[in-house]
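Encoded as structure tokens, the structure appears first; notes follow it.
The values are calculated or read from the model by the stated rules, or taken from the named source; none is laboratory data. All of these numbers come straight from a predicted model, not from anything done at the bench. Reconstructed Cβ throughout: ideal geometry from the backbone, glycine too, with neighbour counts over all protein chains shown.
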Amino acid sequence: MVVDAVAFSRAGRVLEGSRKASEFVRLTQGLPVPQDAEITWRVAGRQDGGTGRLWLDVHAQGAVRLVCQRCLRPFVLPVQVGNTVGLVKDQAQLEALDALESAGEGSDVEYLVADRQLDVLALIEDELILALPYAPRHDVCPGTADEPGHQDVTKPSPFAVLEQLRKH
Ligand SMILES: [Zn+2]
């Protein structure tokens, strides 16, 4: 799905849709299957009345199956993206804004060189990849003592074992 980013934003156009997580190949490569959650997405262009600046509001919502870095079991994590991307006219302007930002003077906004051939789904995919946690984990891993109602009662405590040894 390719649009002219400048024309798209100027006209205040909106594109939206939904597709299976597995169709975002870069997002889900190396992750456990199935990736059958539906990801809904929306990109809206707008132009700032005063400054004439062009923006893309990027939203996506769905779920991705990941591997828990604590118990190494797969689980489904809801993901959500809500970002505003500023369009700049060329690489030089992009670098100037990045330099401002690293000097702590710019705003914490993401910028993109305005592309006549912007692949909207690739943009959504980039944002989803950025939204994934670096080390995904269950809030509470299944089968652990922390999980309410699933205490492991069959395993004797080390103290009980010690007690048995003492009796003999
Ligand atoms: Zn876990």
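A Cβ distance below 6 Å, combined with a sequence gap of six or more or placement on separate chains, defines the contacts here; from the range 110-139, residues that are under 23 Å from residue 98 (Cβ atoms) reach residues that are small (Gly, Ala, Ser) and not in a strand (DSSP E or B) in the pairs 114/5; 115/5; 118/5. Only a single item in (1) surrounded by 14 or more Cβ atoms within 10 Å (Cβ to Cβ); (2) touching a strand residue (DSSP E or B) at 6+ places or on another chain (Cβ under 7 Å); (3) free of Cβ contacts under 8 Å to residues at least 40 places away in the same chain is not met by residue 93, and it is number (2). Scan the range 72-90 for residues that are surrounded by fewer than 15 Cβ atoms within 10 Å (Cβ to Cβ) and in contact with a helix residue (DSSP H, G or I) (Cβ under 8 Å, 6 or more places away or on another chain) and jot them down. Within the range 72-90, just 80 meets the criteria.
In the range 49-71, is there at least one residue being outside any strand (DSSP E or B), out of contact with any Cys (no Cβ under 7 Å at 6 or more places or on another chain), surrounded by 17 or more Cβ atoms within 10 Å (Cβ to Cβ) and among the hydroxyl-bearing types (Ser, Thr, Tyr)?
For the range 49-71, residues outside any strand (DSSP E or B), out of contact with any Cys (no Cβ under 7 Å at 6 or more places or on another chain), surrounded by 17 or more Cβ atoms within 10 Å (Cβ to Cβ) and among the hydroxyl-bearing types (Ser, Thr, Tyr): absent.
For the range 106-142, the candidate set comprises residues that are in contact with a helix residue (DSSP H, G or I) (Cβ under 9 Å, 6 or more places away or on another chain), in a loop (DSSP other than H, G, I, E, B) and not hydrophobic (A, V, I, L, M, F, W, C); within that set, the residue that is farthest from the ligand (Cβ to nearest atom) is 116. Consider the range 73-105 and keep the residues that are under 22 Å from residue 37 (Cβ atoms) and in contact with a Leu (Cβ under 9 Å, 6 or more places away or on another chain). The one that is nearest to the ligand (Cβ to nearest atom) is 75.
Of the residues 143, 82, 86, 104, the single one that is small (Gly, Ala, Ser), farther than 30 Å from residue 1 by Cβ and modelled with pLDDT of 85 or more is 143. I'd like the full set of residues that are within 26 Å of residue 89 (Cβ to Cβ) and charged (D, E, K, R), limited to the range 1-45. Answer for the range 1-45, where residues must be within 26 Å of residue 89 (Cβ to Cβ) and charged (D, E, K, R): 4, 10, 13, 42.
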